[in-house]
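Remarks on the structure that follows.
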2 protein chains.
Amino acid sequence: MSKVRVAAFSISLDGFGAGPRQDLQNPLGVRGTELHGWFFHTDIFKKMHGEGVGTKGIDNEIAAQSFENVGAWILGRNMFGPIRGAWKDDSWKGWWGANPPYHTPVFVLTHHARPALEMEGGTTFRFVTNGIESALEKAKEAANGKDVRIGGGASVIRQYLVAGQIDEMHLAVSPVLLGEGENLFSGINLHELGFTVSKTVAGENATHVFIRKT
Amino acid sequence: MSKVRVAAFSISLDGFGAGPRQDLQNPLGVRGTELHGWFFHTDIFKKMHGEGVGTKGIDNEIAAQSFENVGAWILGRNMFGPIRGAWKDDSWKGWWGANPPYHTPVFVLTHHARPALEMEGGTTFRFVTNGIESALEKAKEAANGKDVRIGGGASVIRQYLVAGQIDEMHLAVSPVLLGEGENLFSGINLHELGFTVSKTVAGENATHVFIRKT
């Protein structure tokens, strides 16, 4: 069955999904890259970025699963870029270069309209200005029976959680304390929203927690 | 060297160290006991409470370490009991019966003076009304070269963290979502306070994270 899911979303021990003060030098906020150390070491990440061979253990296996059966992505505006407010022009094409690692339609939530952006490798960025429900509807249609993956950031995930739209989440808890940034849990009562932890798996460099609606 | 430490402090995946609405029926707040499932199964817990034999794996070993070399404890008022405001009389003697599991002097932070309470098995509750620094000073003296263990709750730990008094923490992250209650991390920037994660150990029923000042 087609699901709406969060997968391989990295958080710090203190619950932050990104560091503060995102800019061109810090796409994930200050110290945000530390959240993803577990992923950067994996073979799947290295292959995706043409960096040779990586680890092939539990972290790698779980990272690989996060990409399986994904038919469309939804991203918040800040995950797409550091630009705030209206687009000055169409020169910003995401953080990922000519061939982004999505290879599906990607719906970017923004308040500012922009034409769709076709990239190499099957990724098309589509900019949705009329809210999260509309983006999800479009993503489900584009996914064509496959899953919709909510890529983040934390604020976008919180919005979809509160809207009751997310079926399951895989969080990768990294052994890092950020202390500030975008907190995944703040103002969210996941228990009240019907979620429980279904499984915890110790990876080499992160603890993988699987959460689903019961 | 004598340390001030937090040990075997259980939190939920979303950072809560106790549930909400503590009362006589819910000493750890609503659903708070779910945080401690990993501990309740261990042999050391079962032995402490005369409940026969428990598990002898990683959780048990780490639980045992949490009691080693402890010369004095500090507890918040709510960890000692559900009573708020002035003590009506001296009838409340803690949650633990005649022989509490401390076996050392225990300094209880409160705004309301009360005579010391000598229990069986070497536990003496002493009530400290002049603040956390004074309690720590007394506890260090009583510990006589051994460690001072800050038992909790979350609010007491946060106060000692902010005061720069805690050397290390062992947190047991349980596969549970509380959604509300006393959050250990709220308003605290552990990174800024100089803490990093030194080790993560996957136990049978919790993930043990060791944090220390660098």
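Things to note:
- Per residue accessible area of region A:1-41, 1.4 Å probe, in Å²: 41 Å²
- When the convex hull of its Cα atoms is projected in every direction, mean area for the protein assembly as shown (nm²): 22.5 nm²
- Whichever aspartates and glutamates have a C-alpha closer than 19 Å to that of A:Lys56, once near sequence neighbours (fewer than 8 apart) are set aside: A:Asp43, A:Glu68, A:Glu204
- Probe 1.4 Å, protein heavy atoms only - accessible area per residue of region B:84-176 in square angstrom: 46 Å²
- Using only side-chain charges placed at the Cβ, +1 for Lys and Arg and -1 for Asp and Glu, the dipole size of the protein assembly as shown relative to its Cα centre rounds to 340 debye.
- Long pairs among B:Lys3/B:Lys138; B:Lys138/B:Lys213; B:Lys3/B:Lys213, criterion Cα-Cα beyond 20 Å: B:Lys138/B:Lys213
- The dipole here belongs to region B:135-214: it is taken about the Cα centre, uses +1 on the Cβ of Lys and Arg and -1 on the Cβ of Asp and Glu, and is about 200 debye.
- Per-residue ³J(HN,Hα) for region A:94-108, Karplus 6.51 cos²θ - 1.76 cosθ + 1.60, θ = phi - 60°, Hz, x for Gly and Pro: x, 7, 9, x, 5, 10, x, x, 9, 6, 8, x, 10, 9, 9
- Around the amide H of B:Thr55, modelled in the peptide plane, lie the amide H atoms of B:Thr42, B:Asp43, all under 5 Å away and 5 or more residues distant in sequence or on another chain.
- Legend: mean number of C-beta atoms from other chains within 10 angstrom of residue C-beta atoms, peptide A:200-207, equals 3.
- Surface listing: B:Glu204, A:Glu182, A:Glu141 arranged by accessible area from highest to lowest gives A:Glu141, B:Glu204, A:Glu182, probe 1.4 Å.
- Residues considered: B:Leu75, B:Leu171, B:Leu190. Largest GNM mean-square fluctuation over chain B, using C-alpha springs under 10 Å, is found at B:Leu190.
- Three-way shape label, chain B, alpha-carbon gyration tensor, a/c 1.5: rounded
- For region A:119-127, Karplus couplings with θ = phi - 60° (6.51, -1.76, 1.60), whole Hz, Gly/Pro x: 10, 6, x, x, 7, 10, 8, 10, 9
- Note that region A:185-192 has calculated 3J(HN,Hα) couplings of 8, 5, x, 10, 10, 5, 5, 4 Hz, one per residue in order, obtained from phi through the Karplus relation 6.51 cos²θ - 1.76 cosθ + 1.60 (θ = phi - 60°); glycine and proline are x.
- Residues of region B:173-194 that lose at least 50 Å² of accessible area (1.4 Å probe, protein heavy atoms only) when the other protein chains are present, relative to their chain alone, are B:Pro175, B:Leu177, B:Phe185, B:His191.
- Per-residue SASA entry for A:Met48, accessible area with 1.4 Å probe, Å² rounded to 10: 70 Å²
- Summed buried accessible surface, chains A and B, 1.4 Å probe, nearest 100 Å²: 1800 Å²
- The Cβ shell under 15 Å around A:Gln25 holds other residues with a net charge of 0, Lys and Arg each +1, Asp and Glu each -1.
- Share of carbon and sulfur in the accessible heavy-atom surface of the protein assembly as shown [1.4 Å probe, %]: 51 percent
- When the Cα positions of A:Thr196, A:Phe185, A:Thr129 are compared along the charge dipole of region A:64-214, A:Thr129 comes out farthest toward the positive end, with charges on each C-beta of Lys, Arg, Asp and Glu.
- Each listed q (0.13, 0.19 Å⁻¹) maps to a log10 I(q)/I(0) for region B:49-166 from the Debye sum over equal C-alpha point scatterers, namely -0.53, -1.08.
- Amide H within-cut-off set for A:Thr104, under 5 Å, with H built and near neighbours excluded: A:Thr123, A:Thr124
The values are calculated or read from the model by the stated rules, or taken from the named source; none is laboratory data. Since we're looking at a predicted model, the values are computed, not measured. Cβ: placed from backbone, ideal geometry, glycine included. Neighbour counts: every protein chain shown. For accessibility, only protein heavy atoms count, side chains too; no ligands or nucleic acids. Shrake-Rupley method; radii C 1.70, N 1.55, O 1.52, S 1.80 Å.
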